[in-house]
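Asks: Mind having a look at this structure? Questions to follow.
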Amino acid sequence: MALVKAELKALEDLKKRGDENGVENLRLIDRAEAQKIEPRVSCLAALSSPETGILDMAAYMRVMERVLKGSGVTVAKQCKVLSIDEQNT
């Protein structure tokens, strides 16, 4: 989000980088639209990115471990990888 005019260029650069990286539906929005989404926000402009979010990776991995173990998968942690073989043997 841009709070002052000097930050607008950086916001535009972030938008361009997001577009180049394939972020879908990324849009620059003005103050009014930002306040429709979050009334307590006060800015000149912001990026709206409805296709992205924040992920608690540690919590996600704990859930994935539970799901995998429930399916009979053995999860090995803190092990040194010596080699990787594309064959499932």
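The values are calculated or read from the model by the stated rules, or taken from the named source; none is laboratory data. Since this is a predicted model, take the numbers as computed values, not measurements. All Cβ positions, even for glycine, are placed from backbone atoms using ideal geometry, and neighbour counts span all protein chains on display. Only protein heavy atoms, including side chains, enter the accessible area calculation; ligands, DNA and RNA are left aside. Shrake-Rupley method; radii C 1.70, N 1.55, O 1.52, S 1.80 Å.
Asks: From the protein chains alone at 1.4 Å, what is the descending order of accessible area for LEU68, LEU11, LEU55, LEU82, largest first?
Replies: Solvent-accessible surface, decreasing: LEU82, LEU55, LEU68, LEU11.
Asks: Under 21 Å between C-alpha atoms is the cut-off here; go through the chain and count lysine pairs that meet it, provided they're at least eight residues apart or on different chains.
Replies: Count of close lysine pairs: 6.
Asks: Sorted by accessible area (1.4 Å probe), largest first, how do ILE54, ILE84, ILE37, ILE29 line up?
Replies: Greatest to least solvent exposure: ILE54, ILE84, ILE37, ILE29.
Asks: Could you work out the relative contact order of the chain? I mean the mean sequence separation of Cα pairs under 8 Å and 6+ apart, divided by the number of residues, in percent.
Replies: Value for the chain: 26 percent.
Asks: Then there is this: Roughly what angle does helix 8-20 make with the longest principal axis of the chain, taking Cα atoms, 0 to 90 degrees, to the nearest 10?
Replies: Roughly 40 degrees, rounded to the nearest 10.
Asks: Taking the chain as the reference, fit the longest principal axis to its C-alpha atoms, fit the long axis of helix 57-70 to the helix C-alpha atoms, and give the angle between the two in degrees, 0 to 90, nearest 10.
Replies: 30 degrees
Asks: While we're on this one: Please identify every one of the GluC sites (Glu not before Pro) in segment 13-86 that sits in a loop by DSSP and has no more than 16 other beta carbons within 10 Å of its own beta carbon.
Replies: When the GluC sites (Glu not before Pro) of segment 13-86 are filtered for loop state and at most 16 Cβ neighbours within 10 Å, GLU24, GLU51, GLU86 remain.
Asks: Further, regarding this structure: Identify the trypsin sites (Lys or Arg not before Pro) of segment 2-89 meeting these criteria: DSSP loop state and at most 10 other C-beta atoms within 10 Å of the C-beta.
Replies: Those that pass, being in a loop and sparsely packed, are ARG40, LYS77, LYS80.
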